[in-house]
Amino acid sequence: MDLGVSLIDRSRRPWRLTDSGKTFYAGCRDLVENYEGLVGRVRRFSGTAEIWVAAIYSAGLRHLQEFVDGFVKSHPGVRVHMDYLHPDRVLEAVKEGAVDLGLVSFPRAGRDLEVFSWREEPMVLVCPASHPWAKEKSMDPARLDGQPFVAFDRGLVIRREVDRYLKKSHAGVHVALEFDNIEAIKQAVEIGSGLSILPEPTLDREVRGGTLAFVPLKGRRFLRPLGIVRRRGHTAPMQEEFIRCLRENERQTSKVKVIR
């Protein structure tokens, strides 16, 4: 398909999307996510014992799938459907009734939504494994002042929380790139586009692979809370059981981490 416009600016490194490219990318993402939401709404009429869950991409795909597999095994006859969406689309899917539950970061209860706490993840400084700061035991966030920074898109809640943290830390970073997902941010940091602040558990693969390093931040704790959201007044016994088991699984996992 020839759109007649350039989607990628190859005149600089790293390559960047042009304005047309950003528009095309956002439109394709919306098409896919709207389709997934439509499928979810239709399937809800199947009448079987099913739970529909939408989660942000960084909720931990592998570990979350392991939990879902265990839940289904211990609850015969129940099916759990997982969709991974943009944060805004997770909330929309819950509000629209396309899914029963949503897993999001920095959750906020509202007139239409109720929130159940799930887990908290420490936010850490992220840099390439070859960066001079990679060997630091901890880092004063004020040292980020003036540094190139790979940030989340401005419209995301996590971007506002990171900006607030940096401001309180007197760190005026230079935002070099902005993305709407953690995977893209990690890739940009890997190739040297800038530093970033991300949830520690999302870095496991890159740290083990030797491409990224993280450094704990000094001072007040900066945590990313993850929560379970549900439409108010839309409860079901199996949903309650799923929420209970998910929270209990996190408590047990946290105990194991402390023991180790």
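The values are calculated or read from the model by the stated rules, or taken from the named source; none is laboratory data. These numbers come from a predicted model, not from an experiment. Ideal geometry is used to build each Cβ from the backbone, glycine not excepted, and the neighbour counts take in all protein chains shown. These area figures cover heavy atoms from the full protein model, side chains too; ligands, DNA and RNA do not enter into them. Shrake-Rupley method; radii C 1.70, N 1.55, O 1.52, S 1.80 Å.
Quick notes on this one:
- Cross-chain or 6+ apart pairs with Cβ under 9 Å, region 67-95 first and closer than 17 Å to residue 157 by Cα, then of a type in the set (S, T, N, Q) and modelled with pLDDT under 90: 89/34
- Enumeration of residues in region 118-130 that are in a strand (DSSP E or B) and over 21 Å from residue 225 (Cα atoms): 127, 128
- Pairing residues of region 210-225 that are over 26 Å from residue 130 (Cα atoms) and small (Gly, Ala, Ser) with residues that are part of a loop (DSSP other than H, G, I, E, B) and open to solvent by 70 Å² or more (accessible area, probe 1.4 Å), at Cβ distances under 6 Å and at least 6 apart in sequence or on separate chains, gives no pairs at all.
- Single match in 224, 232, 220, 154 (criterion: of a type in the set (D, E, K, R), at pLDDT below 95 and touching a Leu at 6+ places or on another chain (Cβ under 9 Å)): 232
- Only one entry in 233, 209, 194 is within 22 Å of residue 167 (Cα to Cα) and small (Gly, Ala, Ser), namely 194.
- Checked against the criteria, residue 260 does not count as surrounded by 13 or more Cβ atoms within 10 Å (Cβ to Cβ) and modelled with pLDDT under 95.
- Residue among 223, 212 that is open to solvent by 20 Å² or more (accessible area, probe 1.4 Å) and at negative phi: 223
- Extreme residue, surrounded by the fewest Cβ atoms within 10 Å (Cβ to Cβ), among residues of region 163-209 that are among the small types (Gly, Ala, Ser) and farther than 21 Å from residue 143 by Cα: 209
Results for (1) at pLDDT 95 or above; (2) farther than 28 Å from residue 91 by Cα, shown as yes or no for each residue.
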residue: 112; (1), (2): no, no
residue: 122; (1), (2): yes, no
residue: 127; (1), (2): yes, yes
residue: 132; (1), (2): yes, yes
residue: 150; (1), (2): yes, no
residue: 162; (1), (2): yes, no
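- Residue list for region 117-143, filter: open to solvent by 40 Å² or more (accessible area, probe 1.4 Å) and within 20 Å of the chain's Cα centre (by Cα): 117, 119, 120, 122
- Condition met for residue 229 (part of a strand (DSSP E or B) and of a type in the set (A, V, I, L, M)): yes
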